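Since the structure comes first, as structure tokens, the remarks are kept for the end.
The values are calculated or read from the model by the stated rules, or taken from the named source; none is laboratory data. Quick caveat, the model's predicted, so the values are computed rather than measured. Neighbour counts are summed over all protein chains in view; Cβ atoms, including those assigned to glycine, are modelled from backbone coordinates with ideal geometry. Surface accessibility is based on the protein's heavy atoms, side chains included, excluding ligands, DNA and RNA. Shrake-Rupley method; radii C 1.70, N 1.55, O 1.52, S 1.80 Å.
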Amino acid sequence: SQQNGPRMTIWTVRPESPEDIPAVHAVNAAAFDTPAEADLVDALRADPEAWIDGLSLVAAASDGTVVAHALLTRCHIGGGPALALAPCAVLPGHQRRGAGSAVVRAALEAAREQGESPVVVLGHPAYYRRFGFEPASRWGIRAPFDVPDEALMALVLDSDRPVPRGVIRYASPFGI
């Protein structure tokens with residue numbers, strides 16, 4: 001368990017189990033304006049080239065309610081393997097209490113333990129910098145679409161391995 005935030009809420013962070021699938025869908029559906037992200041998670045779970053067991057993490061409240069989710073799936077940069085962090089979601093009633101940060105940190109640690117590197121994310125620089133993400137352009141990593149330089153970030157989990165360069169190829173369910 002990790003303690004976070006001003007209320008020192010204790011979240012139980014763990015890999016998703018089959019029983020969590022409906023709750024993960026509900027968290028993503030509630031956190032975003034459309035069901036697209038929730039449907040994307042389900043499509044990624046069904047894609048054996050994208051899905052990596054142990055890299056879909058949930059944070060649960062003390063009563064067992066799943067309140068946050070973070071997903072890492074296989075992508076490629078140039079010809080090399082990498083991970084994409086997307087989506088990350090927190091139930092609206094539980095935001096800004098540390099559940100999102102706890103589940104992202106747990107996902108990144110699980111990826112590190114599985115020998116993965118690097119991770120790319122498209123998001124708010126101020127939020128993702130806290131986890132060590134930096135502009136992906138630093139490594140010559142580019143998105144397959146137009147995006148502000150500061151919004152496309154990368155995190156190198158294993159500094160002993162070369163970082164692939166080039167354009168990110170996302171898993172096919174992303175539709176990119």
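Structural remarks
- Angle in degrees between helix 21-31 and the longest Cα principal axis of the chain, rounded to the nearest 10: 80 degrees
- Ordering 171, 121, 64 by the projection of their Cα atoms onto the charge dipole of the stretch 12-174, which places +1 on the Cβ of Lys and Arg and -1 on the Cβ of Asp and Glu, puts 121 at the extreme positive end.
- Both radii were evaluated on the Cα set of the chain; the Rg over Rh quotient, with Rh as the Kirkwood radius, amounts to 0.95.
- Spin-label model distance (nm) - residue 129 vs residue 109, 7 Å beyond Cα toward Cβ: 2.4 nm
- Per-residue 3J(HN,Hα) values for the stretch 168-176, derived from phi via the Karplus relation 6.51 cos²θ - 1.76 cosθ + 1.60 with θ = phi - 60°, read 6, 10, 6, 4, 4, x, 5, x, 9 Hz in sequence order (x marks Gly and Pro).
- When every Cα-Cα distance of the stretch 100-157 is counted in 10 angstrom steps from zero, the calculated P(r) takes the values 24, 54, 22, 0 percent.
- Of the GluC sites (Glu not before Pro) found in the stretch 6-97, those in coil by DSSP whose Cβ has at most 15 other Cβ atoms within 10 Å are 49.
- Pairwise FRET efficiency - residue 10 versus residue 47, Cβ, R0 = 25 Å, nearest 0.05: 0.15
- Electrostatic dipole magnitude of the chain [Cβ: Lys, Arg +1; Asp, Glu -1; Cα centre; debye, to 20]: 560 debye
- Alpha-carbon gyration tensor eigenvalues x 5, square-rooted, for the stretch 1-82, Å: 25, 16, 12
- By accessible area, using a 1.4 Å probe on protein heavy atoms only, the stretch 12-174 has 52% of its surface on carbon and sulfur.
- Loop sites in the stretch 87-176: chymotrypsin sites (Phe, Trp or Tyr not before Pro), DSSP, at most 13 other Cβ within 10 Å: 145
- Residue-normalised accessible area of the stretch 73-145, expressed per residue, 1.4 Å probe, Å²: 42 Å²
- The distance from the alpha carbon centre of the stretch 74-127 to that of the stretch 151-166 is 13 Å, rounded to a whole number.
- Of the trypsin sites (Lys or Arg not before Pro) found in the stretch 97-176, the ones in coil according to DSSP and having at most 16 other Cβ atoms within 10 Å of their Cβ are 165.
- In nm, spacing of pseudo-spin labels at residue 161 and residue 39 (7 Å Cα→C-beta vector): 3.3 nm
- Both the radius of gyration and Dmax for the stretch 55-103 are 13.2, 44 Å, in that order, over alpha-carbon atoms.
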